[in-house]
Amino acid sequence: MVDLAVAEAAEEPDEDDDEGFVHPIFRMAPKEDSGSDTLRNYRYQAEVAARTCLAMLTEDNIDYIVCEWHEDFVIAYADGSVELVSVKHRTKRRNPWNVADICKDGGLAHLFDRWRACDGASNVRLRLATNAGLTTGKPGAATLSAMCGPDPEVTAGVDAMAEAVARYFLKIRWKQAYATIPLVPEVSRLADIAVPVGFIDTVKEFFAVLHIDDELPSNRHITDVNLQSLLRPAIATLQREHVDTEATYRALVERIDKANRDEGDRGQLAVYIADPSRVRYNVQVQQRIARRTLYRSTVLEQFVSSFAVVPTFAQGQLPVAAPGGGNLRKKLARGGVPSDQAAHAERLRSAWYVLWEQHRSGLAGDTTELANASLDVVDAAFASRDQAESEAVDGALYGRRMNQLLTQHLVPSNLSTPLPFRVNGQHLRGLAYELCDRCDFYFSEPFDTSEEEAS
C-alpha cells in the first residue's frame, strides 16, 4: 500500500504546496457528485456531521472536519490521519442492508473508489455511517462489518467475503463509472464475473481501513439525540451559562449545511479541467477547502445566548482585582481622564479578567480567539483616539473624549470574529484597558511609562 504523503512528495513541488495544508488528502481534488439527494437527506447528512463537530468541543483528538470533500465529510485527526465518512439514511420501511445493497446503495463501492483514488494511503480511514441495521447470518452484512477494521472480530471466511464484494463492485462498475474499479466484460451471472488478478487482495486491504457504523439515530430522532447526548453535556463540560441549546444546534446545522452547499468553486473547477497547465490550482483548492472547513472555534461561534442582556458579573461571581494596572493609570492620567473614570476603568479591567479566567479552556484555540478580539479592540481604540485628537483644540488633552468614544465603538456586534462566550460592552472596554496596560495603545501620544508617576 502506498502512503499518500510519500506519493505526494515524489511529485514536482509547487510554491503553494505547503500553504494551509495539514493532511495530504486535501492536495487532491475530489470528483464532483451530481446526485439528486432530497433536502431531508441533506439535513440528515448535516446532523451526522454535527455529531463530530460537537465532539470537537470536548475532545482534542479531532482537528477539524471538511464538508463534501471526497465523501460527505472528512474528519482530520490530530495524529495526522483522516477519515472519509459516507452517510446513508434508510427509512424504516426498507429492510436492513444486505451485502449487495450495502455495496451499491449503501455506498461501499463509492468509498472504495475514493480510497483507491488516494492510492490506498496508510493515513486514510473510511467509515460508512447509517441508521439501518445489517442482515445477519452468512454471508450477511453484519458479518462483513465484523470483518472490517484493523482488529476484526471475525477472521474466518474473509477470502470468500472479499471475493463476493469484489464481484459486486465489478458489477456496479458496469453502470457507474468508478475509475479505480476495473471494467470487465458483462455476464449474466455474478459467479461468472472474471475477477482481475489482485483485485480481491485490494478489497481485503479496503476491509482493513473500513468501519461500518449502523447505529445512527433515524432522521426523526437524530436532533433530540444530538441535543441530549452531545450538545448539552458539552455545554456542561465547558461550564457555559445561559446557552439556548436549540437555537445553538440549529445555527450549527445551518453552518454545516452552508459548507455542504458551497457552489462558489464550480467555476474554478471548470477552469482547472479546461487548463492543462493547472498552475494556480493549488491556491484554488486551498480556497475551496477553507470554505468547507469547520473548526472547534467555528462550532463555538454558533453558540446562541438565552439572554438578551449579558451581566458583567454572573450570579454568584465575586469581583476580583486584576493584577497589574500601573501602566493603565499612568496613561489615563497623561491623557487627562478624570480620576473617577480611571477608577471605573480599573473595575472594568478586573471584570474582563474574571470573565476570561472563567471561560478560557487552556487549549490552543484560546490564543487565537483572544488575538482576534484584541485586534478589533485595538482598532477601535485607534479610531477613537484619531477622532478625539482631531476634535481637540490647540493641543488640548483628548484622553477623556477618547475614553467616551470607546464606549460607543466597543460593542459586541462590532466584533468581526465573535468571542466563544457572551460578552457585553463593559467586558470589551475591560479588555481594552487590559491591552492599554500592556502598552498596545495610549490615551495620548506614546511615552515611556517607566519614567511616569501614576496620579
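No value in this document is a laboratory result; all are computed from the given coordinates. Keep in mind the model is a prediction, meaning the values are calculated, not measured. Quick reminder, even Gly has a Cβ in these numbers, built from the backbone with ideal geometry, and neighbours come from all protein chains shown.
Annotations
- Were the residues from T407 through K175 laid out at 0.36 nm apart, the gain over their Cα-Cα distance would be 76.9 nm.
- Förster-model FRET efficiency, 25 Å R0, T136 and E205, C-beta, rounded to 0.05: 0.45
- Full extension of the chain segment joining N414 with S188 gains 74.7 nm, where the gain is 0.36 nm per residue of separation less the Cα-Cα distance.
- Whole-Hz Karplus values for the range 225-232 come out as 5, 5, 5, 6, 9, 10, 5, 5 Hz, taken residue by residue from phi with 6.51 cos²θ - 1.76 cosθ + 1.60 and θ = phi - 60°; glycine and proline positions read x.
- Across the range 392-407, the residues whose backbone nitrogen lies under 17 Å from the label position 7 Å along the beta-carbon direction of F382 are 406.
- Inter-site label distance for D340 and N61 at 7 Å from Cα along Cβ, in nm: 5.9 nm
- Taking the average, over residues, of other Cβ atoms within 10 Å as the packing measure, peptides 185-195, 394-404, 420-430 rank 420-430, 394-404, 185-195 from highest down.
- Were the residues from Y77 through L227 laid out at 0.36 nm apart, the gain over their Cα-Cα distance would be 51.6 nm.
- Sites D440 and S306 - FRET efficiency at Förster radius 22 Å, r taken between beta-carbons, to 0.05: 0.10
- The range 50-127 - convex hull of the alpha-carbon atoms, volume per residue in Å³: 103 Å³
- The calculated FRET efficiency for A396 paired with Q239, based on their beta-carbon distance and R0 = 45 Å, is about 0.45.
- Sum of side-chain charges, A345 neighbourhood, beta-carbon under 9 Å (Lys, Arg +1; Asp, Glu -1): +3
- Summing charges over neighbours of L428, with a neighbour being any other residue whose Cβ is under 11 Å away from its Cβ, gives -1 when K and R count +1 and D and E count -1.
- Paramagnetic label zone (point 7 Å from Cα along Cα-to-C-beta, R220; backbone N under 16 Å) in the range 122-154: 131-133
- Using the Karplus relation 6.51 cos²θ - 1.76 cosθ + 1.60 with θ = phi - 60°, the per-residue 3J(HN,Hα) values for the range 433-444 come to 5, 5, 5, 5, 4, 8, 6, 7, 7, 10, 9, 7 Hz, with x marking Gly and Pro.
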